[in-house]
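What follows is a set of notes on a single structure, which appears directly below.
The values are calculated or read from the model by the stated rules, or taken from the named source; none is laboratory data. This one's a predicted model, so the numbers in the text were calculated from it and none came from an experiment. Because the Cβ atoms are built from the backbone with ideal geometry, glycine has one as well, and the counts that use them run over all protein chains shown. With ligands, DNA and RNA removed, areas are computed over all heavy atoms of the protein, side chains included. Shrake-Rupley method; radii C 1.70, N 1.55, O 1.52, S 1.80 Å.
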Amino acid sequence: MHPKQIVSDFKSLGASFSVEDGELYINNPSNIYPELEELAKGNKSRIITYLNGGYTDRIHSVKQTIDKIFDFYREGCRRETKINEWLQHDQEALTKVMELAVLFSKNGWTFNEFLANYEDEQTEKLSQEIYEMAMAYFKKGAAAG
């Protein structure tokens, strides 16, 4: 989910965010549901980047693509998905996705957590490479179709 949407959802419930010394704070937390607080905690680094003006549409596209790939695995690798088709036909991309999972794991991430708070320079670089590979594959497929 785009941090802009999270901020907007919180605002509609009468809560807001502030960043102080690199930490994210929820103002009026009693106005939100515990599940929303968990969503904010899981996306803390992205929300901070967004609030500080550094979260671009391009960055979101890359992160959203990586989130979708990891959701594909969490959901049991549904065979009828475009992601499955792509990774079945692109061994290099599949290898990079597995490398990315290892990097996230080394950063403390576990399978059922949001990825956002475990991103670093290495994961950002590899995520960008995977995104480029995915876009090339899907553009090629769209041109053929």
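The length gained on full extension between A136 and E85, counted as 0.36 nm times the residue separation minus their Cα-Cα distance, comes to 17.0 nm.
Loop-located GluC sites (Glu not before Pro) in segment 44-136 (DSSP state other than H, G, I, E, B) with a sparse environment of at most 11 neighbouring Cβ atoms within 10 Å: E75, E80. Estimated from helical segments only, the mean residue ellipticity of the chain at 222 nm is -20500 deg cm²/dmol, where each DSSP H run of four or more residues counts as -39500 (n - 2.57). Expressed as a whole percent, the accessible area of segment 1-137 that falls on carbon and sulfur atoms is 50 (1.4 Å probe). For the chain, excluding the exposed loop sites themselves (trypsin sites (Lys or Arg not before Pro), DSSP loop, at most 16 other Cβ atoms within 10 Å), the longest remaining stretch covers 1-77. Take the Cα of R58, step 7 Å toward its Cβ, do the same at Q128, and the gap between the two points is 0.8 nm.
At 1.4 Å probe size, with every protein chain present, just tell me what the per residue accessible area of the chain comes to in Å².
Per-residue value: 61 Å².
Taking a 27 Å limit on the Cα-Cα distance, which of the listed pairs K41/K139; K96/K139; K63/K106; K106/K139; K106/K140; K63/K140 fall beyond it? Those over the limit are K41/K139; K106/K139; K106/K140. Heavy-atom accessible surface of L24, to the nearest 10 Å², is about 30 Å², with a 1.4 Å probe and all protein chains retained.
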